[in-house]
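Note sheet for the following structure.
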Amino acid sequence: MATKIGPESGKPHWHRPHMGEHRWPISIIVLLVIALQYVLPSTLSLSFQSIFCLVEAVLLIAVFAFNPRRISQHVAPTRALGLILVGIMTLSNTASAVKLIDAIITRGVTDARSLLLSGGSIWLTNVVVFALWFWELDRGGPGKRAQALHPYPDFIFPQMSDPSYAPSQWHPKFFDYLYTSFTNASAFSPTDVMPLTRWAKMLMLVQSMTALLIVGLVIARAVNILH
């Protein structure tokens, strides 16, 4: 279905400047993920994991200090710090996922409860980390989306393909990317939100593959232990 054009702007309804979204909901979610990484067993985390978590917390505070309110425009230092933060979180969670898979395959795990809790924590962190990547990279990031600087989207939401599904001022927020990440990690494929660019497709592919490995191995091992 073709995208309708707003008569007052000559642009698609989703490609108009807007007030931007608040920073604090994203900051709370990131803080919760840092806490999840901190409480992971030492056998499933990087060496000096507490230092990694401290660095993540400091970066989060710095990002929030630069712009504690609405993300209404692109600010290069803030976005750079945000990307570094997501990169460190990705590195930490990837290492935990690799260690978890190695523990299941080579060393064996006998505690089903601990396995399910650790696997669930890593899977949930995976969901949030990829949601942050989607949110930070789609159309140049939240600031550039608020300024409507990029003409082409990296993700197409149902509300973008047909304006009748949402109010005229609708624009994607972090929760929309979080939902996209959750469904991709659950169904192992896109659902209602489709990636358009190659980098978006690659990110969704990597997330699906990682989630499939974690869920498949954790559930299979837990069932084996319980039986």
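Bear in mind that the values in this text are calculations on the coordinates, not laboratory data. Computed from a predicted structure; not experimentally measured. Glycine also receives a Cβ, built like all others from the backbone with ideal geometry; neighbour counts cover every protein chain displayed.
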Q: Inverting the mean 1/r over all pairs of different Cα atoms, compute the Kirkwood radius of segment 49-113 and quote it in Å.
A: 14.0 Å
Q. For segment 122-162, how big is the tail of P(r) above 16 Å, as a whole percent of Cα pairs?
A. 45 percent
Q: Give the order of Val30, Val206 when sorted by the count of other beta carbons within 10 angstrom, beginning with the fewest.
A: Val206, Val30
**Q.** Neighbour-count ranking [beta-carbon atoms within 10 angstrom, fewest first] of Ile34, Ile122, Ile219, Ile88
**A.** Ile219, Ile88, Ile34, Ile122
Q.
Modelling each spin label as a point 7 Å along the Cα-to-Cβ direction, I'd like the Lys144/Val206 distance in nm, to one decimal.
A. 1.8 nm
(Q) How much length would be gained if the chain were fully extended between Ser50 and Trp24, taking 0.36 nm per residue of separation minus their Cα-Cα distance, in nm to one decimal? (A) 7.0 nm
Q) Mind checking which helices in the chain clear 27 Å along their axis (Cα) and have mean Kyte-Doolittle hydropathy of 0.0 or more, DSSP H runs only? A) 76-102, 112-137, 198-226
Q: For each of Thr183, Thr106, Thr125, count neighbouring Cβ atoms within 10 Å of the residue's Cβ, then give the residues from fewest to most.
A: Thr106, Thr183, Thr125
Q | Inter-label distance for Ser164 and Ala57, nm, one decimal - labels placed 7 Å from Cα along Cα-to-Cβ | A | 5.2 nm
Q.
Restricting to DSSP H runs of at least four residues, report the calculated mean residue ellipticity at 222 nm for the chain, -39500 (n - 2.57) per run over all residues, nearest 500 deg cm²/dmol.
A. -20500 deg cm²/dmol
Q) How large is the dipole of segment 98-201 about the Cα centre if only Lys and Arg carry +1 and Asp and Glu carry -1, each at its Cβ, rounded to the nearest 20 debye? A) 220 debye
**Q.** Label selected from (i) 64, 39, 25; (ii) 53, 45, 33; (iii) 70, 34, 24, the criterion being Cα extents along the principal axes in Å as computed here
**A.** (i)
